[in-house]
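The values are calculated or read from the model by the stated rules, or taken from the named source; none is laboratory data. Note that the structure is predicted; figures quoted are calculated from it, not measured. Cβ placement follows ideal geometry from the backbone for every residue including glycine, while neighbour counts extend to all protein chains displayed. All accessible areas refer to the heavy atoms of the entire protein, side chains included, with ligands and DNA or RNA removed. Shrake-Rupley method; radii C 1.70, N 1.55, O 1.52, S 1.80 Å.
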Amino acid sequence: MDILIKNGIIVTAERSYEADLFISNGKIKEIEKSLIKYHDEVEVIDANGLFLLPGGIDPHVHMHLPSPAGFSADDFYTGSNAALFGGTTTLIDFVTPQKGQQLIDALKQRKEEAQSSLIDYSFHISPVEWRDSLPEEIEACMKEGITSFKVYMAYLDTIGLADDDLLKVMKAVGAAGEDVPPSACMELLSEIIGDDETLKELVEKAAVSAELGEDARAFCKQLGLEKGVTGYIYHTLPVVLQIWLRHPRDYEKAISEAVACGGDTDTVAAILGGIVGAAVGRKGIPEVWQSRLMEWTRSLPWLQELAKDLAAARLHGRGREAPDVSPVSVLFRNAFFMFWVVAHGFRRLLPPY
């Protein structure tokens, strides 16, 4: 059955806003203002003045937990079944590896045990000892979607950590996950936009499209940008945000989608690459892309040196001069690019533009 819920206040993890919500075959298909009834068999629910809330999240459960007395009363099937009756649609359990077991292996084992769950689930991972490979193991778990790590200061003879190891784990987790939450970025962006209602509406459309999991080209079509994204802020900004919200830590997917949209891809990809690149660092950029980087007279080592200077400037709170570049080289480079810019301008006078 298809259901159209109108006039409700939709509440997500990031914000609350008034919109209509269309459900088809049990899945949310569209969130937009003033949706129309698609066909006569659609059930319409008027939610005026009511909140549309996501299912509850229980962040601390123990399903199929081994103990000296046996496993806990509920496994993932029976526990998730009971949760559904109370309106809980997500649970967060724990991964506690054995001594010497890789975190990622313990995570995979726990995922297999959770296959019978009727609802969404995630995990807190508990490092039970320190070893030199732990930072890489933590990063691997984060790539699997795990962002919560729990350590014990008690139970030192089994799973607890001494103070010095606890500090090492905290630093490793912090280094692997320094992202600013998208919700905070969106709030800041809203303040910067100010009274520009058109831009605010476009940003909201980008957020809704990302929540629905639409690809970038489908979103571009909604904006009338089938032929490519221009450098106009009302085109560039929403497309960049839509892709970033869907791929905040996947540099290759994000940039590939931006390029596939066509148009002024150097502007779109440059902005998007800066945002995603700040989260993933050099390790998150494909090596083959780095090896083919051509930005004469600025080489990859030059860019790395510039990045170090910028990081040092931020740390010490004072500016530093950029690494030297030959003025003669820059003159030739700029002359070469001016030729291509002018040629590109004349090309835009021809079809299909």
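So if I check each of Thr147, Thr158, which one is of a type in the set (Ser, Thr, Tyr), over 29 Å from the mean Cα position of the chain (by Cα) and modelled with pLDDT under 95? Full working, then the answer.
Numbers: Thr147 fails: over 29 Å from the mean Cα position of the chain (by Cα).
Being of a type in the set (Ser, Thr, Tyr), over 29 Å from the mean Cα position of the chain (by Cα) and modelled with pLDDT under 95 holds for just one of Thr147, Thr158, which is Thr158.
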Exercise for review: Please state which of the following conditions Lys99 fails to meet, knowing it meets all the rest: (1) surrounded by 13 or more Cβ atoms within 10 Å (Cβ to Cβ); (2) basic (Lys, Arg); (3) touching a residue at least 24 places away in the same chain (Cβ under 8 Å).
Suggested key: (1)
Exercise for review: Out of the residues in the stretch 72-89 that are in a helix (DSSP H, G or I) and not hydroxyl-bearing (Ser, Thr, Tyr), state the one that is surrounded by the fewest Cβ atoms within 10 Å (Cβ to Cβ).
Suggested key: Phe85
Practice item. For the stretch 182-232, please list each of the helices (runs of 4 or more DSSP H) lying entirely inside it that holds at least 2 residues being among the hydrophobic types (A, V, I, L, M, F, W, C), modelled with pLDDT of 90 or more and buried (at least 17 other Cβ atoms within 10 Å of the Cβ). Key: 197-211, 216-222
Review point. Among the residues of the stretch 92-147, which ones are within 19 Å of Gly281 (Cβ to Cβ) and among the β-branched types (Val, Ile, Thr)?
Key: Ile138, Ile146, Thr147
Practice item. From Met170, Met153, grab the single residue that is assigned to a loop (DSSP other than H, G, I, E, B) and surrounded by fewer than 14 Cβ atoms within 10 Å (Cβ to Cβ). Key: Met153
Check your understanding: Has the stretch 116-138 got at least one residue that is out of contact with any Ser or Thr (no Cβ under 6 Å at 6 or more places or on another chain), open to solvent by 20 Å² or more (accessible area, probe 1.4 Å) and modelled with pLDDT under 90?
Key -> no
Study note, to complete from the structure: In the stretch 109-133, anything touching a residue at least 12 places away in the same chain (Cβ under 8 Å) and under 20 Å from Asp157 (Cβ atoms) is listed as Ser126, Pro127, Val128, Glu129, Trp130
Review point. So which residues in the stretch 245-303 are polar (S, T, N, Q), at pLDDT 90 or above and under 27 Å from Pro327 (Cα atoms)?
Key: Thr267
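Each row is one residue, and each column tells you yes or no for (1) in contact (Cβ under 8 Å) with a residue 24 or more places away in the chain; (2) touching a strand residue (DSSP E or B) at 6+ places or on another chain (Cβ under 7 Å); (3) assigned to a strand (DSSP E or B); (4) open to solvent by less than 40 Å² (accessible area, probe 1.4 Å).
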residue	(1), (2), (3), (4)
Ala19	yes, yes, yes, yes
Tyr38	yes, no, no, no
Ile57	yes, yes, yes, no
Ser67	no, no, no, no
Gly70	no, no, no, yes
Leu91	yes, yes, yes, yes
Ile104	yes, no, no, yes
Leu107	yes, yes, no, yes
